[in-house]
1. What is the sum of charges, Lys and Arg at +1 and Asp and Glu at -1, for the other residues whose Cβ falls under 14 Å from the Cβ of A:Val97?
2. Of all alpha-carbon pairs in the stretch B:10-69, indicate the percentage at a distance above 12 angstrom.
3. Output the 0 to 90 degree angle, nearest 10, between the alpha-carbon long axis of helix A:140-151 and the longest principal axis computed from the alpha carbons of chain A.
4. Taking a cut-off of 15 Å between Cα atoms, list the aspartates and glutamates near A:Lys562, but don't count ones fewer than 8 places away on the same chain.
5. For the stretch A:678-722, what are the per-bin percents of Cα-Cα distances with bins 10 Å wide, up to the bin holding the maximum?
6. To the nearest 10 Å², what's B:Arg99's accessible area with a 1.4 Å probe?
7. What ranking, highest mean first, results for peptides A:380-386, A:361-367, A:345-351, A:664-670 when packing means the other Cβ atoms within 10 Å averaged over each residue?
8. Mind checking the full-extension length gain between A:Lys5 and A:Ala754? Use 0.36 nm per residue of separation minus the Cα-Cα distance, one decimal, nm.
Amino acid sequence: METKKTFSIKGMHCASCVAVLEGSLKQVEGVVEATVNLATEKATVVYDSTKVTDEKLSSAVSNVGYRALIGEEIRTEDEEKKEKERELRDLRNKVFVSLFLGGLILWGSFPGLIKTAPLFLQNFWVQLLLATPVQFWAGFGFYRATISALKHRTANMDTLVTIGTTVAYIYSAFVTLLPQFVVSIGIEPMPYFDTAAIIIGLILLGRYFEAKAKAGTSEAIKKLIGLQAKTARVVRDGKEIDILISEVIIGDSIRVRPGEKIPVDGIIVEGESSIDESMITGESMPTDKTVGDMVVGATMNKTGSFIFKTTKVGQETMLAQIIKLVQEAQGSKAPIQRLADLVSSYFVPVVLMLAIGTFVVWYDFGSTQALTYAILNMVAVLIIACPCAMGLATPTAIMVGTGKGAEHGILIKDAESLETAHKINTIIFDKTGTLTKGEPSVTNVVAFGGEDKDSILHYAAALEKSSEHPVARAIVAFAASLGKLSSHPLDKAIRDKAQADNIELLNVKGFNVIPGKGLEGEIEVDGNLKKYFFGNRALMTEKHIVFDTYEADIQKLEAEGKTVMILVSETGVLGLIAVADTVKESSKGGIEALERMGIETVMITGDNTRTAMAIAQEIGIKRVLAEVLPDQKEAEVRKIQAEGRVVAMVGDGINDAPALAAADVGIAMGSGTDVAIEAADITLINKDLKSVAAAIVLSKKTMRTIRLNLFWAFGYNIILIPVAMGVLYPFFGILLNPIFASVAMATSSISVVANSLLLKRKKII
Amino acid sequence: MSPDKIVVTMVGLSGMAFVFWFFLMKKEKEVQVSGSVDIVVEGGYSPEVISIAKGKTTKINFIRKDPSGCLEEVVLGDFKIRKTLPLNQKVIIELTPQRSGEFVYSCGMGMYHGKIVVK
């Protein structure tokens with residue numbers, strides 16, 4: 001039998017995808033026709049249903065690298081939004097009808113109001129008539145949820161409301177139908193339709209406000225998703241055409257004009273501009289970018305026009321990674337939630353048992369009207385109990401907290417990291433790239449022993465060209481610029497090398513990197529191979545090179561916070577090259593903010609103590625761990641942890657991954673578009689040191705909100721359930737009217753959500 | 001104590017015992033899953049306990065049929081997943097667990113629970 005089926009396909013980006021998919025689908029035995037539409041990302045397949053199954057179609061699609069969504073209805077955000085609005089409208093109507101009808105019943109039955117009410121409202125039959133639609137139409141959702149839950153032998157909020165209001169309703173209906181019988185057993189025939197109807201109305205009202213407030217907790221993620229551009233202007237064959245963002249591929253050239261949103265990530269190849277990246281990094285000042293600079297999708301181009309080559313599209317873009325990270329964090333559970341989870345899994349059955357117990361005690365020991373009191377107090381216990389507030393206390397705060405972090409360029413991996421961050425009392429900063437810009441430049445060249453400055457640079461640069469250390473780049477850059485005006489062939493070679501970033505300067509043989517110490521190699525000078533060493537003190541000591549004579553020069557440069565490297569040949573010390581890295585503008589302020597919070601700051605570096613101390617002093621850090629080799633950083637973190645400190649390690653996330661992982665909280669200063677740094681618990685996209693303090697403030701404020709929520713949610717139930725049971729009655733004559741119980745219940749979960757939403761207004765920077 | 005009070009006390013105590021047995025003593029039936037499983041979300045999760053293989057990808061298809069707001073989100077905290085479940089719509093969650101153990105998931109408010117056993 002021939003069948004036609006249309007289904008969505010995920011992962012398509014270009015016209016060639018269409019051909020590949022159609023070819024693959026047509027190869028399935030029994031498929032008569034297959035058409036794939038790139039714009040709608042849908043496939044329509046005509047096939048023999050006796051031969052072809054959904055699984056076969058699905059695997060034909062997945063075999064060529066895409067994903068078929070067969071049987072999954074894809075609804076647009078608009079449709080979902082409309083459905084949500086419809087649900088809310090429905091809920092609002094039910095609230096209005098139940099409170100209106102409940103109000104009429106209350107008017108006709110409440111002791112203080114009854115005298116002012118028209119006679120017909122005082123009639124029990126009229127009250128029954130008014131209460132019935134509230135009970136079974138407005139309250140239908142409670143019944144449906146209760147029945148489905150009972151099928152699973154579980155109970156929830158709805159179970160409590162259903163039992164509570166049904167007991168009040170049935171008792172009242174009984175009183176209305178058989179008043180003589182009630183009188184005959186010595187009870188005044190008084191119905192409580194108002195209780196049942198008003199409770200339903202108020203609890204639905206609470207749910208209405210709660211649903212509205214809860215939508216606010218996921219606002220941050222919606223905002224992030226909304227940042228995504230819809231189209232991109234691609235330059236193809238010299239023409240500029242607008243295409244859907246899903247059709248952009250890596251390597252496309254994209255034109256961005258002033259005031260336009262940058263669609264995906266890439267590198268500028270033509271033009272320059274000022275770009276507002278605040279939506280991603282939280283940094284308010286626009287950044288000037290030119291050829292070779294990276295641009296991030298969803299950021300806003302301000303003044304200039306430029307063309308960039310795309311490097312990341314779809315799920316690989318920085319925005320997509322941020323969204324994924326925030327979604328994951330919001331889906332994770334904080335350790336503090338465990339208790340609430342445990343309590344809520346036993347809560348409703350325990351409340352049901354307490355309600356039964358309340359009925360029995362009031363019936364057995366109550367004085368007059370024992371049955372009435374037993375029923376009313378049992379209903380009050382069922383209605384006052386609010387497990388929802390406990391369930392909402394932690395996740396709503398985590399959602400708002402992680403969302404707020406993302407707005408400020410602080411990406412938190414999971415709820416546990418957010419929880420641990422508030423306990424941090426020591427922060428270790430990696431120096432290069434974290435406290436400093438990580439872009440060192442040559443500041444001094446000192447030549448000894450008859451060598452001139454240029455030749456020192458040549459030899460050093462020849463050794464450094466094979467190294468990836470940033471100092472090497474600086475030396476090559478400096479050597480090239482020194483030789484800028486020279487016509488000497490070697491200078492020209494250095495210039496070319498610097499431009500191409502990987503040029504042969506001089507022939508180096510036996511090149512060797514001594515980690516954390518320096519370089520060694522043989523350089524051919526005038527046809528002769530000469531051995532050279534280029535590195536720090538430790539290298540000199542290791543190679544038994546005496547450099548005491550130059551110690552004063554070295555110390556002078558180190559005291560200025562410069563890293564000094566010594567160039568040595570077989571004949572002795574040739575000279576020094578001093579390299580300095582600029583301290584970030586935000587470093588001092590960031591450290592000050594942490595000191596004010598009483599957090600100890602520590603700097604860790606491979607530099608010698610004198611250089612490290614000079615930089616630490618400039619920034620305001622008191623404790624310095626200097627001359628630490630890269631593989632020793634993790635051990636240093638553990639040593640401080642052993643002092644009983646809760647340690648955060650701040651680094652670039654690439655070179656210091658083991659130290660980040662070892663710390664209680666690993667904080668990575670994001671570089672490039674790699675925001676999801678595996679070893680980090682918190683990633684700061686904006687590279688601003690003040691964000692470290694902001695992340696801790698955010699954690700403290702989120703935890704304070706969670707604690708307040710939990711205190712309120714637990715305290716509310718622990719105090720009010722016994723009051724509803726009537727424990728205060730023997731001493732003070734206080735009983736809780738079930739209607740007031742429903743007011744308290746409805747407001748308790750709203751207050752928890754509202755308290756979490758207050759986090760949005762808190763200042764963290 | 002009058003006969004009616006004795007009856008009420010007896011019925012009450014039996015009711016409490018019934019509540020304890022009905023809700024807190026239930027035995028969970030584990031359903032072994034390979035490849036994919038449909039979990040109907042209606043007053044809880046059916047099947048409530050599933051067992052899946054470690055290291056293999058399993059598609060868990062949640063289909064919410066219950067309009068109760070409590071169930072509109074599912075949270076698999078151990079896998080860092082929080083998903084909204086639109087009514088009567090299949091929401092697929094793919095899991096490739098790397099460690100074995102029992103992982104409890106719940107609705108957004110932590111009222112309803114299900115369990116994934118990774119073997």
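The values are calculated or read from the model by the stated rules, or taken from the named source; none is laboratory data. All figures in this text were calculated on a predicted structure; none of them were measured in a lab. Because the Cβ atoms are built from the backbone with ideal geometry, glycine has one as well, and the counts that use them run over all protein chains shown. Surface accessibility is based on the protein's heavy atoms, side chains included, excluding ligands, DNA and RNA. Shrake-Rupley method; radii C 1.70, N 1.55, O 1.52, S 1.80 Å.
1. Values: positive: A:Arg89, A:Arg92, A:Lys94; negative: A:Asp90.
Local net charge: +2.
2. Values: 1307 of 1770 pairs.
That fraction is 74 percent.
3. So the helix axis and the longest Cα principal axis differ by about 80 degrees.
4. Candidates past the 8-residue exclusion: A:Glu439, A:Glu551, A:Asp553, A:Asp581, A:Asp607, A:Glu618, A:Glu627.
5. Reading upward from the zero bin: 24, 30, 22, 15, 8, 1.
6. Roughly 140 Å² of B:Arg99 is accessible to a 1.4 Å probe.
7. Peptide ranking by packing, descending: A:380-386, A:664-670, A:345-351, A:361-367.
8. Working it through step by step, the gained length comes to 265.0 nm.
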